[in-house]
């Protein structure tokens, strides 16, 4: 691509960084995806973004599929390209969006992994009063109590949680904030952690959860600690933080049936994202039906010969 096209790409990334305030991870994903398109255009002697048409876009997406990219990955790339061209049109670098009418190949939607209620209770029941155990117990209880993402949990500051009101203010995707309830067990665990937190944290540190060194706890550390506790607590699953979020959503929907409320609690922008938990709920009902209904399962009759 010509240098002017590369400058336009850099301008779009700056727009995402400073106007949209997207996270560094999101910026990196956009940049990587658009560089792929740039390389494809270079091989076909396309020097400007305005020269990319619907046919070129369709052929490029098809090549991604042929190279093994999943439908969900291509959908993400397609969404990024549409956003990029909307910005190009706004800045008058292009007159049409070649990706508007294109669709990614369909892919089967994978149901999220969850723990049943007994397994969750087994996992969060940490024994011990050493500082790291007290901290980790508060983390596990808060994950399951409020359905937080890993990034939301580690970014919490002390002032974000109101134990008296039983709520927490969290910053989710796109720097959007929401207030979520904090349950009784989580409040008790956080109270115990706050009583000893000052012995671990650096003097000016605002983070709710800190490491041995006194600074904000890293996401990788939380993942590692959670896997370790799952093994020690006898939970025979590959447990990760998002599994607790999935479990929270599934159990809430199973008990309440209120999809909109679960959407608000999770911070999902589109209810279609939340609807996947209705499939989990139906699976649970189907299992109950198979076990309980007298005509749910029929015995196999051997044919007489």
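The values are calculated or read from the model by the stated rules, or taken from the named source; none is laboratory data. Because the structure is predicted, anything quoted here is derived from the model rather than measured. As a convention, Cβ positions derive from the backbone with ideal geometry for all residues, glycine included, and neighbour counts pool all protein chains shown.
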Test: residue in region 51-74 that is outside the structural domain of residue 172 (by TED's automatic domain parsing), within 26 Å of the chain's Cα centre (by Cα), free of Cβ contacts under 8 Å to residues at least 12 places away in the same chain and assigned to a helix (DSSP H, G or I): yes
Count of region 260-275 residues which are surrounded by fewer than 16 Cβ atoms within 10 Å (Cβ to Cβ) and modelled with pLDDT under 75: 6
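Which residue, of 232, 216, is surrounded by 14 or more Cβ atoms within 10 Å (Cβ to Cβ) and either in contact with a strand residue (DSSP E or B) (Cβ under 6 Å, 6 or more places away or on another chain) or without any contact (Cβ under 8 Å) to a residue 24 or more places away in the chain (or both)?
None of the others qualify; the one that does is 216.
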Filter result for residue 189 (outside the structural domain of residue 16 (by TED's automatic domain parsing), in contact (Cβ under 8 Å) with a residue 24 or more places away in the chain and in contact with a strand residue (DSSP E or B) (Cβ under 9 Å, 6 or more places away or on another chain)): no
Close pairs from region 1-22: first within 26 Å of residue 175 (Cα to Cα), partner outside any helix (DSSP H, G or I), Cβ under 6 Å, at least 6 apart: 8/93; 16/22
Residue list for region 1-50, restricted to those being farther than 17 Å from residue 97 by Cα, outside any helix (DSSP H, G or I) and out of contact with any helix residue (DSSP H, G or I) (no Cβ under 6 Å at 6 or more places or on another chain): 2, 20, 23, 44, 45
Selection within region 209-239 - touching a helix residue (DSSP H, G or I) at 6+ places or on another chain (Cβ under 7 Å), more than 24 Å from residue 199 (Cα to Cα) and in a helix (DSSP H, G or I): 230
Complete set of residues in region 189-208 that are out of contact with any helix residue (DSSP H, G or I) (no Cβ under 8 Å at 6 or more places or on another chain) and part of a helix (DSSP H, G or I): 191, 195
Hits in region 140-177 (condition: over 16 Å from residue 207 (Cα atoms), without any contact (Cβ under 8 Å) to a residue 60 or more places away in the chain and buried (at least 18 other Cβ atoms within 10 Å of the Cβ)): 141
Residue in region 97-112 that is under 19 Å from the mean Cα position of the chain (by Cα), surrounded by 13 or more Cβ atoms within 10 Å (Cβ to Cβ), outside the structural domain of residue 60 (by TED's automatic domain parsing) and in a loop (DSSP other than H, G, I, E, B) present: yes
